[in-house]
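The structure appears below as structure tokens.
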Amino acid sequence: GDSVTQMEGPVTLSEEAFLTINCTYTATGYPSLFWYVQYPGEGLQLLLKATKADDKGSNKGFEATYRKETTSFHLEKGSVQVSDSAVYFCALNSGGGADGLTFGKGTHLIIQP
Amino acid sequence: GAGVSQSPSNKVTEKGKDVELRCDPISGHTALYWYRQSLGQGLEFLIYFQGNSAPDKSGLPSDRFSAERTGGSVSTLTIQRTQQEDSAVYLCASSLHAGGGGELFFGEGSRLTVL
């Protein structure tokens, strides 16, 4: 079945540091890939997505590129801020009947001033 | 409404009691999803509705769990004879329609604690 593996947290960085959160997946066919973010006390919200190989999703300074050859969708940001502290979830949608998302376990990111 | 609304936000119950969790999706969204978020386990898909019907119930953990949706809007997730392992945050999400490309809009969740 479909699965998503992302790096365990917490990840602690200083402000303005470079961020990479790794995500790899296993899926049938050609899934769409997503990053969701959950800020403290809030619901999950879509951060960015990519629907086909080599697509790059971007939002709020974050980027992720759909790499079919390595089945990866790593999240990157060049200079993180304290306000980026949150839990980040990588997810995929294989387009099956459920249309639900398969999520990774989440990576807790802590940015220190 | 403006967003997905869930109630109660927190529920503490005793083992063996029944609980009901409610989800009010974004107006006009035909697809509705329930997930469970347990510590260290990520998000676990439970069930989804397209309109009032549930084509996929495969994620429900046991027959103690059931869900319904009426009027193509509000959904209720019911857990009977709660167990301590049911303690988790139950998340509801909606999307414009199934097959909508995976952009789901989530509520803030209902945190269930079973003593």
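Annotations for the structure displayed:
- The protein assembly as shown - Rg over Rh from alpha carbon coordinates, Kirkwood radius: 0.97
- In order along region A:79-88, the Karplus-derived 3J(HN,Hα) couplings, from 6.51 cos²θ - 1.76 cosθ + 1.60 at θ = phi - 60°, round to 8, 7, 10, 4, 5, 7, 4, 4, 9, 10 Hz, and Gly and Pro are given as x.
- Long-range HN-HN contacts of A:Ile110 with modeled amide H, under 5 Å: A:Val11, A:Thr12, A:Leu13
- Longest exposed-site-free window of chain A, the sites being trypsin sites (Lys or Arg not before Pro) in a DSSP loop that have at most 14 other C-beta atoms within 10 Å: A:1-51
- Shape analysis of region B:5-62 yields a ratio of the Cα radius of gyration to the Kirkwood radius, Rg/Rh, of 0.98.
- With a threshold of 32 Å on the Cα-Cα distance, the over-threshold entries among A:Lys52/B:Lys11; A:Lys68/B:Lys11; A:Lys105/B:Lys17 are A:Lys52/B:Lys11; A:Lys68/B:Lys11.
- Overall form of region B:11-115 per C-alpha gyration tensor (a/c, 1.5; a/b vs b/c): prolate
- Per-residue shielding of B:47-57, expressed as the average number of other chain Cβ atoms within 10 Å of the residue Cβ, stands at 2.
- Stokes-Einstein D for chain A, Kirkwood Rh over Cα pairs, 37 °C, 0.692 mPa s (µm²/s): 234
- Which of B:Leu39, A:Leu48, B:Leu104, A:Leu13 has the fewest Cβ neighbours within 10 Å, and the rest in rising order: B:Leu39, A:Leu13, A:Leu48, B:Leu104
Values quoted throughout were computed directly from the atomic coordinates according to the rules given, and no laboratory measurement underlies them. Treat the numbers as computed from the prediction; the structure is a model and nothing was measured. Don't worry about glycine lacking a Cβ; one is built from the backbone with ideal geometry, like all the others, and counts go over all protein chains shown.
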